[in-house]
Amino acid sequence: MTIVARESNSVRTSSTRVASENTAANSEVGGSRVDSMHWKAEFKSAFRDVRQFCEFLELPSQIVEKATQATADFPLFVPRNFAEKITKRDPNDPILRQVLPSILENESAEGFSKDPVGDLNSQRNAGLIHKYHGRALLIANGVCAVHCRYCFRRHFPYDLAPSSLDHWESTLNTVREDTSIEEIILSGGDPLTMVDENLDRLISMIESIDHVERLRIHSRLPVVIPSRVTDALLSRLSQSRLSAWLVIHSNHANEICESVGESLRKLQSSSVTVLNQAVLLRGINDSVEAQVQLSKRLIQFGVIPYYLNHLDPVEGSAHFDTSIESGIEIVTEMRKQLPGFGVPRFVKEIPGEPHKTVLI
Ligand SMILES: *Cc1c(COP(=O)(O)O)cnc(C)c1O
Ligand code: SF4
């Protein structure tokens, strides 16, 4: 079973539905439906087949063979415009290595498990993870716009999470009864794979809980499919009574092209504060140069580098692991080269701790 195919409230759910919406959109030139056609089309046309993807990138056949031998439970998924940022014929490209399945994922390693950050123990009820004071994280869906090979939730049992508006209502009742919760974090999967209509309804439900003050969205979509930042999304967020925060996820400067930058700027113009979180990944961004470039690219577009995460030890990702010491060294050096707001906190999530542990 793939994560992509699972949900009922997202764009992938039924391709028939997307198709009919697109058809309807044709007659509504300039409307929000036209606006949302682009990202839905990008989602539909994403690479899902390892061989096709490798062919597009003109990779050598040994690489292709190895990639096809990776475990099948988390298949390749890469939108075309994201794939276009990968340098052809380069097996070490920093974006390619984040998305190409590897035979190394089949290996188990000591300390690497299916639930590395104790998500399942922190669930208050279906899909609500309440670990930290004042903030509760809602697994809004299980669909992502790209499959990152190091994903710490790659084994998360999304089937158990709420997947319809009715389910959310009962999950949010827990929030309604707990006045200590001031912030709802929409996570997943990727909450922005939901269509604008459903997102609107979910946000309205959250707004109806008086003690909730902040809405935070954790999403990789503005980076992976920047056209997801639709006018409907922007106006919904700017009109909300909640203060809106968006935490994007980008690991390398090459991911942030001009159209990503433009979408990030639009979000900020709509009163959304945009932060980035990255993961320190061996062979991808574990150098001072890569991290400085990433930070410069982010701050150029007004995005604050928030967290640099030490890899969560999820089964199948040991080949991406770096030492904590090397991360500390990188960030120490970054501090000499960047303004203070351009240096992320290097953090690790240790299950049972009351907040993420700041390593430097
Ligand atoms: C990371 C995380 C948060 C947010 O933590 P911040 O330090 O406020 O960014 C909240 N809930 C869960 C379950 C998390 O993993
Ligand atoms: S976008 Fe986030 S949740 Fe989705 S696969 Fe990548 S790291 Fe995992």
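The values are calculated or read from the model by the stated rules, or taken from the named source; none is laboratory data. Remember, predicted model here, so these are calculated numbers, not experimental data. Neighbour counts are summed over all protein chains in view; Cβ atoms, including those assigned to glycine, are modelled from backbone coordinates with ideal geometry. Accessible surface is based on the protein model in full, side chains and every heavy atom, while ligands, DNA and RNA are left aside. Shrake-Rupley method; radii C 1.70, N 1.55, O 1.52, S 1.80 Å.
Numbers below:
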item: Wholly within the stretch 53-144, helices (runs of 4 or more DSSP H) carrying at least 2 residues that are open to solvent by 30 Å² or more (accessible area, probe 1.4 Å) and modelled with pLDDT of 95 or more; result: 80-83
item: Unmet requirement for GLU315, which otherwise passes all of (1) at pLDDT 95 or above; (2) surrounded by fewer than 22 Cβ atoms within 10 Å (Cβ to Cβ); result: (1)
item: Candidates LEU202, LEU233 - the one that is of a type in the set (A, V, I, L, M, F, W, C), touching a residue at least 40 places away in the same chain (Cβ under 8 Å), away from ligand 1 (no atom under 16 Å from the Cβ) and closer than 25 Å to ARG124 by Cα; result: LEU202
item: Qualifying residue in the stretch 276-299 (condition: open to solvent by less than 10 Å² (accessible area, probe 1.4 Å), touching a Lys or Arg at 6+ places or on another chain (Cβ under 9 Å) and away from ligand 2 (no atom under 14 Å from the Cβ)); result: no
item: Test: residue in the stretch 56-68 that is among the charged types (D, E, K, R) and closer than 20 Å to GLY316 by Cα; result: yes
item: Spans of strands (runs of 3 or more DSSP E) in the stretch 145-249 with at least 1 residues aromatic (Phe, Trp, Tyr), crowded, with 18+ Cβ neighbours inside 10 Å and within 16 Å of ligand 2 (Cβ to nearest atom); result: none
item: Some residue of the stretch 6-16 being of a type in the set (Asp, Glu), crowded, with 19+ Cβ neighbours inside 10 Å, modelled with pLDDT under 95 and within 29 Å of ALA318 (Cα to Cα); result: yes
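The rows are residues; the columns are (1) basic (Lys, Arg); (2) not in a loop (DSSP other than H, G, I, E, B).
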{"residue": "VAL274", "(1), (2)": "no, yes"}
{"residue": "ALA278", "(1), (2)": "no, yes"}
{"residue": "ARG297", "(1), (2)": "yes, yes"}
{"residue": "LEU311", "(1), (2)": "no, no"}
{"residue": "GLY316", "(1), (2)": "no, no"}
{"residue": "HIS319", "(1), (2)": "no, yes"}
